[in-house]
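Below is one structure, written out as structure tokens; comments come after it.
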Amino acid sequence: MTVIHGAPAVCQVQHQGDPFGLPGFSPPRLPVAGLSAPAPGHARLPVPEQLQLDAGALAALPPLLEVVRRRQAELNPRALRLLRRLEDAARQARALGAAVEAVLAALGAEPRGPRLEPTSASAAGVFPAKVLGLRVCGLYSEWVSRTEADLSQLVPGGPA
């Protein structure tokens, strides 16, 4: 399976200035309304349940990434590569989500619940906005990796 961009590739922390690019800097892990990281027990769930959670997360990511892209356009208007990567990440999340939905339909799995749109993904101030952007990019990377691992279980000879 092709690996999609990870958080550092999507967010390009060099555009964020200090302290983001400094060695050892560890930004606070802000909660993101409407989305959390995959739960530690995710891999122990039945595959259809894993894929339902993946589909929900992938549906929540594009609007969050769009908020981050708009804020980054304000903060770093000349960082065209960064803005393109955020657009690409949102597009890839939508495409992967659609693929997961198709797999769920093929498995005859119950559709997941209604899509939960993020209630608020904005952060007041420059530093919190940058931290939120980094967090959203990290969640994107975690959910794409988790989804790829979950889908690989369906491939003959893949992990059981």
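Tabulated results
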read-out	value
Residues located in the range 30-49, provided they are surrounded by 12 or more Cβ atoms within 10 Å (Cβ to Cβ) and within 22 Å of Cys137 (Cβ to Cβ)	Leu30, Val32, Ala33, Gly34, Leu35, Ser36, Ala37, Pro38, His42
Test: residue in the range 48-62 that is touching a helix residue (DSSP H, G or I) at 6+ places or on another chain (Cβ under 9 Å) and either of a type in the set (Val, Ile, Thr) or in a loop (DSSP other than H, G, I, E, B) (or both)	no
Members of the range 11-24 that are surrounded by 11 or more Cβ atoms within 10 Å (Cβ to Cβ) and modelled with pLDDT of 65 or more	Gln16, Gly17, Pro19, Phe20, Gly21
Matching residues in the range 78-121 - criterion: being open to solvent by 90 Å² or more (accessible area, probe 1.4 Å) and either at pLDDT below 80 or of a type in the set (D, E, K, R) (or both)	Arg78, Arg81, Arg84, Arg91, Arg94, Glu110, Pro111, Pro114, Arg115, Leu116, Glu117, Thr119
The range 50-61 - residue that is open to solvent by 10 Å² or more (accessible area, probe 1.4 Å) and out of contact with any Gly (no Cβ under 6 Å at 6 or more places or on another chain) and, of those, farthest from Leu139 (Cα to Cα)	Gln52
Condition broken by Ile4, with the remaining ones in (1) assigned to a loop (DSSP other than H, G, I, E, B); (2) modelled with pLDDT of 75 or more; (3) under 19 Å from the mean Cα position of the chain (by Cα) satisfied	(2)
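The values are calculated or read from the model by the stated rules, or taken from the named source; none is laboratory data. What you see is a predicted model; the values in this text were computed from it and never measured. Neighbour counts are summed over all protein chains in view; Cβ atoms, including those assigned to glycine, are modelled from backbone coordinates with ideal geometry. Quick note on the areas: whole protein, heavy atoms, side chains included, nothing else; ligands and nucleic acids left out. Shrake-Rupley method; radii C 1.70, N 1.55, O 1.52, S 1.80 Å.
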